[in-house]
Amino acid sequence: MPQLYGEAITRPDLASRSGALSQFAGVRLSTLGDGVERGNRQLEFRTGSGLRFTVLVDRAMDIAECDHNGRAVGWHSPSGFRNPALHEYEGEGGLGWFRSMSGLLITCGLDHVLFMDDDPAGHYHYGPREKVSSSLHGRIGTIPARLTGYGEEWRGDECVLWAEGIVQQSTVFGEDLHLIRRIEADVGGNEIRLHDRVVNHGFYRTPHMYCYHINVSHPVVAEGSRYVAPVRDVIWAAHADNYRAQETGYRHLPAPITNFHEQVWQHEMAPDDKGRVNVAIVNEEMGFGFEVETLKSQFPAMYEWQNLHAGHYAVGIEPSTNHVLGKDFARERGELIWLEHGEERRYDSIFRILPDGDAVGDAVRRIEATCRQPEEDYPAPSGHYPPIPAGGAA
């Protein structure tokens, strides 16, 4: 039963204390009305525990704001939660994606992630389409969803807040991929559960790549905060040729730095005995943190993104279906996912608030019990990319 205000409350008891659940928790649909955000539909979730987050229906049902008892978790970039009608997908040589980059969760895909790419298009059997040009991190994150439902669902004395929608990345003589997303949170809980299905609705054999750009900022990210993960190998670092120049390793975070250049790693993560990979960013001085739980079978690769420039200041947890070297690398190794008509891939993840010192300590102990990460801040990248099973995700 829900834990609210320090006590377990049954459904009848909760109903007796108010005329509507919305006094304590709920999901509410509204539309943003000003600036670059104008016209975006959003769903606001409140669980009653202090967890509040918003889901941008018109931006792939990604998670924008996230806070707990007034303490921010999700990142707000200078770009804002821009209406997708303003987005220029191919702008700035493929880097226009940054002008719509903001929020706790930005979904990348559905047929491409990572940097820009020209992909041979013979599989679409249309002569004039010789190639598919993909910009940074693909198209899906700025496509509006068709909202199929939202609300509250009682299961005995347990209550689940939920929303569902379908996001279609489709064209004539090309891909017809559908993202079917369900988001859940328990009344009284501190977790967000994300259940995604990516389905090939079309009849062309179509590539599929998928990544979550999960962006955490201050006060979880602060001077002295730590990145905690079951890292058994540091595979790659974008800045390996000048590894220590910015005096920021993979584990410990500094205060904001003017003119900091982003740093990206790929880590090989050890799953626990249930196949789960848990990664956390923790502010132990404050007693506050954020944890992401994924399945190794669904997201075999994991990146760490540091954007610690003053005025940006975020750290990204990025589970991915493929290694960081991109689509050509995946194709050459036979690791690129191909979906036939009706085939699908599933992704089940948990975003967990760590609201106090006890929760932070428990998360650190759980993660370290699976695998102790390298204690050195600058472990030499191994360059060893473990094989990803053909088809990529389970």
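Distance from the Cα centroid of the range 79-135 to that of the range 1-75 is 30 Å (rounded to whole angstrom). For a paramagnetic label modelled on GLU223 (point 7 Å from Cα along Cα→Cβ), amide N atoms under 14 Å away belong, within the range 242-284, to 253-258.
The Rg/Rh ratio of the chain, with both radii computed over alpha carbons and Rh defined as the Kirkwood radius, is 0.96.
Of the chymotrypsin sites (Phe, Trp or Tyr not before Pro) in the range 233-277, which ones lie in a loop per DSSP and count no more than 16 other C-beta atoms within 10 Å? Sites meeting the loop and neighbour criteria: TYR243.
Only helical DSSP H runs with n ≥ 4 go in: add -39500 (n - 2.57) per run for the chain, normalise by residue count and round the 222 nm mean residue ellipticity to 500 deg cm²/dmol. Walk me through the intermediate numbers first.
Values: 3 runs with 26 residues, N = 394.
One gets -2000 deg cm²/dmol as the mean residue ellipticity at 222 nm.
The alpha carbon centroids of the range 222-295 and the range 332-393 are separated by 12 Å.
Mind checking which lysines have their Cα closer than 24 Å to the Cα of LYS274? Skip sequence neighbours fewer than 8 apart in that chain. Output for LYS274: LYS296. The translational diffusion coefficient of the range 313-366, from Stokes-Einstein at 25 °C and 0.890 mPa s with a Kirkwood hydrodynamic radius over alpha carbon pairs, comes to 163 µm²/s.
When the chain is treated as a GNM with alpha-carbon contacts under 10 Å, the residue of PHE290, PHE203, PHE299 showing the greatest mean-square fluctuation is PHE203. Residue separation of ASP241 and VAL36 scaled by 0.36 nm, minus their Cα-Cα distance, works out to 69.9 nm of gained length. Which of the GluC sites (Glu not before Pro) found in the range 290-394 are loop residues per DSSP with 10 or fewer other Cβ atoms within 10 Å of their Cβ? Those that pass, being in a loop and sparsely packed, are GLU375. When exposed loop sites are taken as trypsin sites (Lys or Arg not before Pro) in a DSSP loop with at most 12 other Cβ atoms within 10 Å, the longest stretch of the chain clear of them is 18-243.
If R0 equals 22 Å, the separation of the Cβ atoms of HIS312 and GLU92 corresponds to a calculated FRET efficiency of about 0.80.
Here, each number is a calculation from the coordinates, and none is a lab measurement. What you see is a predicted model; the values in this text were computed from it and never measured. Note: ideal-geometry Cβ built from the backbone for every residue, glycine included; neighbour counts use all protein chains shown.
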